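Right, one structure below, let's go through it.
The values are calculated or read from the model by the stated rules, or taken from the named source; none is laboratory data. On a predicted model such as this, the values are computed, not experimentally measured, just so you know. Every residue, glycine among them, receives a Cβ derived from its backbone with ideal geometry; neighbour counts consider all protein chains shown. Side chains included, ligands, DNA and RNA excluded: accessible areas come from the protein's heavy atoms. Shrake-Rupley method; radii C 1.70, N 1.55, O 1.52, S 1.80 Å.
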Amino acid sequence: MKELTLGASAKLTSPHLFAAIVTKDDAGRVNIMGASWITFASLRDAKMVFCISDSGYTGGIVESTKKASLCFVTEKIADKIFKCCTTSGRTTDKIEAFGIALSELEGFDVPVPDGTGVAFSLELDEVVGGCDHGIYVCSVKKAVQLSEEPVVMAFDGYSRVGIL
Ligand SMILES: Cc1cc2nc3c(=O)[nH]c(=O)nc-3n(C[C@H](O)[C@H](O)[C@H](O)COP(=O)(O)O)c2cc1C
């Protein structure tokens, strides 16, 4: 038996889910962060959960607007979404900086990046706090498939993304 840090355990339990959490602030500015701490949480009612660091920009926007699109992406857009993990929407307009094209979808309050495979339109129910990440419990308003290409996952303890 070997005791592990959480970082080391993340490498050993890879791959992990990876998705873009897309938000739109009250001024209409869209931001994207990449996230792995996501899970399906309930089927009836349909719920998804994601965990966002208190130090990031996205959490505050989800709390104020109560809306997000959660987008599992194909290889077409994976590099650009991975870049969205390297900087904060607080200081960078990532949509412009990384040349990300967005599309509006029926039933979605927040646009989705082109190259998305599976997208969920989410509405925030509650945030469970306490540690350095908030746990965002969301209702799924709509789920859609936009491409038949596989969606990417995060490998090697979140150090790269790719298909299985
Ligand atoms: C593969 C990968 C997965 C990540 N997963 C999460 C996550 O689940 N939650 C989180 O808060 N940050 C996660 N991050 C870090 C955020 O993407 C990063 O802090 C980002 O800059 C936050 O953007 P924002 O400040 O615009 O919200 C992850 C980073 C990588 C590379």
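Numbers at a glance
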| read-out | value |
| --- | --- |
| Surface per residue (accessible, 1.4 Å probe) for region 18-134, Å² | 47 Å² |
| Environment charge at P111 (Cβ cut-off 10 Å; Lys +1, Arg +1, Asp -1, Glu -1) | -2 |
| Contact order relative to length of the chain, as percent, for alpha carbon pairs under 8 angstrom and 6 or more apart | 29 percent |
| The chain: translational diffusion in µm²/s, Stokes-Einstein, Kirkwood Rh over Cα pairs, 37 °C, 0.692 mPa s | 205 µm²/s |
| Net dipole in debye of the chain [+1 Lys, Arg Cβ; -1 Asp, Glu Cβ; about Cα centre; nearest 20] | 260 debye |
| Residues of region 104-126 with amide N under 15 Å of the 7 Å Cα→Cβ point at R44 | none |
| Length added when fully stretched, T5-R160, from 0.36 nm per residue minus Cα-Cα | 53.8 nm |
| DSSP-assigned coil residues among trypsin sites (Lys or Arg not before Pro) in region 88-161, each with at most 15 further Cβ atoms within 10 Å | R90 |
| Amide H partners (placed H, <5 Å) of S103, local residues excluded | V112, D114 |
| Cut-off 15 Å (backbone N to label point 7 Å along Cα→Cβ of Q145), residues of region 70-90 | 72-74 |
| Extreme residue, positive dipole direction of region 2-109, given options F72, F108, A10 (C-beta unit charges) | A10 |
| Carbon and sulfur %, accessible surface of region 6-162 computed with the full protein complex present, 1.4 Å | 52 percent |
| Neighbourhood charge, 12 Å Cβ-Cβ cut-off, centred on K94 and excluding it, Lys, Arg +1 and Asp, Glu -1 | +2 |
